[in-house]
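Participant: Quick one: the structure is below, and I'll ask about it shortly.
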């Protein structure tokens, strides 16, 4: 009977200093890895591209601005309602005319009508040509 009460008084698991230190290090590594995962998941995404359709139209942030005369077709695909074919047509028409002079010229591209033009207008611009200094 005395042996049973002695066994009950002993702790079930005994940790020594080295084991406690190792558990502490493992716990810290787990916390650091978890923190890194969450921070990178929310900040390290492709910030070059914005899914502009996720914003309600009255609260959209017009951060995505595409320069019509230099952007590749892949960027045009980010515009609302513009797919791969229309994006390629924009690039082909741009090359054909030697560059856009006005945004309204986009209406001459097959697949872009007046309504579509007004929808994508906030996201496109034409850079002013740089003039040589006198």
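None of the figures in this text is laboratory data; all of them are computed from the coordinates on show. Remember, it's a predicted structure, so these values are computed and weren't measured experimentally. For neighbour counting, all protein chains shown are included, and Cβ atoms are generated from backbone atoms with ideal geometry for every residue, glycine included.
Participant: Efficiency by 1/(1 + (r/R0)^6): what FRET value for residue 126 and residue 39, r their Cβ-Cβ distance, R0 = 22 Å, to the nearest 0.05? Walk me through the numbers before you get to the answer.
Facilitator: On the way: r = 38 Å, r/R0 = 1.73.
Efficiency computed from Cβ-Cβ geometry: 0.05.
Participant: Once label points are set 7 Å from the Cα along Cα→Cβ at both residue 88 and residue 110, what is their separation, rounded to one decimal in nm?
Facilitator: Using points 7 Å along Cα→Cβ, the separation is 1.1 nm.
Participant: Moving on. Order the peptides 85-91, 117-123 from the highest to the lowest mean number of other Cβ atoms within 10 Å of their residues. Please report the intermediate quantities before stating the final value.
Facilitator: Details: 85-91: 18.7, 117-123: 15.7.
Packing order, densest peptide first, comes out as 85-91, 117-123.
Participant: So how much slack lies between residue 77 and residue 29, counting 0.36 nm per residue of separation and subtracting their Cα-Cα distance, in nm?
Facilitator: Difference between extended and current length: 13.1 nm.
Participant: Hey, another quick one. Sort 71-78, 98-105, 16-23 for me by packing, meaning the mean count of neighbouring Cβ atoms within 10 Å per residue, highest on top.
Facilitator: 71-78, 98-105, 16-23
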